[in-house]
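Only one structure is covered here, and it is reproduced in the block below.
The values are calculated or read from the model by the stated rules, or taken from the named source; none is laboratory data. These numbers come from a predicted model, not from an experiment. Because the Cβ atoms are built from the backbone with ideal geometry, glycine has one as well, and the counts that use them run over all protein chains shown. With ligands, DNA and RNA removed, areas are computed over all heavy atoms of the protein, side chains included. Shrake-Rupley method; radii C 1.70, N 1.55, O 1.52, S 1.80 Å.
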Amino acid sequence: MEKSTITLTRKIQMLIDVPSNEKNEMWEKLYRYQNRCFRAANLIVSHLYVQEMIKDFFYFTEEIQYKLVDATKDHMGIFTRSKTNTTARMVFDRFKGEIPTDILGSLNNSIQSTFSKNKVHYWQGTKSLRNFKKDIPIPLPVKCISKMKYDYQKKAFCFNMFAIPVKTYLGKDFSDKRLIMERLLKGEIKLCTSQIQLKAGKIYWLAVFEFEKEEHLLQPEIIAEASLSLEHPIVAKIGNVRINIGSKEEFLYRRLAIQASQKRIQTGIAYARSGKGAKRKQKALYKTENLESRYVSHRLHVYSRKLIDFCIQQQAGTLILKNQEDKIGIAKEQEFVLRNWSYYELQTKIKYKAEKAGIELIIG
């Protein structure tokens, strides 16, 4: 049976909401949690790999039992507990008192799930074992969040995570983050296990929300055909109705203008007054950091939204993306197209919006 819900992730910046003299203590706490997650993740995946590959240790004696189950449930088992609990207990005992066990439990479940999907590739030698880095996100189980509310004085959504008071910083929010948070407080949507990312002295909440799929009067027999092209990002057709979404001038030329602007800035850096070293010289470059990727992401969101709205308006329950493999193949052969035309990213945005609206997507 098809699921009636869909999960979406939103990246929301958080600020520690305590007096200045207490902030260092909170930052130390978060960085300690991140370090323990980093160490625990590598330990978990290493133990899982040894457990799974123990059958290949042919140099063991024949008396060695290697069934990966609890010995109390199967006489061939080699564990004293369930397979999931082996790695959980290992990291619980090692990092007891240094990090909440809820974080380690969530981390263990996530790694176990990912490992199970990839273990066939590990066994065949087609994939290497994942190596976790020091900037690993910290799992944030729902039970570690409390006292969530909207503070009208601070004009922010406030809550406690790991007993640390925090508040949201949405800035000029042109997306749906504020609306989603309001719906969360009303109980209209569900919050799932999320993550906390520490990056460049900032805290980001990678919040995972569970939505009910939108209900529209769609008819599966009405088929929308869409293709991605260079002249127009999306060309869509339903019966005799045709629509061109976006244009080459709007998307490609603006992107090339941003690239040219950044190149001019990079060239001019050599002649800039230094004053305070590299940071002063590269000040103009910092202002345009990620400008191109932000522009592209925004435009592709607009294009994909217009396509889904067009399908809903025409009651099309099926959407076919035509000749995608051919288009991607052409893009790979032409360096200019591959560099400047984001076929895959646009396809990804169309996919999740179609799923949210209850439209079946077929990629041809």
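Once the Cα-Cα distance is subtracted from the 0.36 nm per residue extended length, the S293 to L256 segment shows a gain of 12.1 nm.
Other residues whose C-beta falls under 13 angstrom from the C-beta of D151 contribute a net charge of +4, scoring Lys and Arg +1 and Asp and Glu -1.
If the only charges are +1 at each Lys and Arg Cβ and -1 at each Asp and Glu Cβ, what is the size of the charge dipole of the range 194-277 around the Cα centre, to the nearest 20 debye?
Working: 12 positive and 9 negative charges, 218 e Å.
With only Lys, Arg, Asp and Glu charged at Cβ, the dipole is about 1040 debye.
What net charge do the residues around F38 carry, taking every other residue with its C-beta under 10 Å from that of F38, with Lys and Arg at +1 and Asp and Glu at -1? Once positives and negatives cancel, what remains is +3.
Using a probe of 1.4 Å on the protein chains alone, the accessible area found for T7 is around 80 Å².
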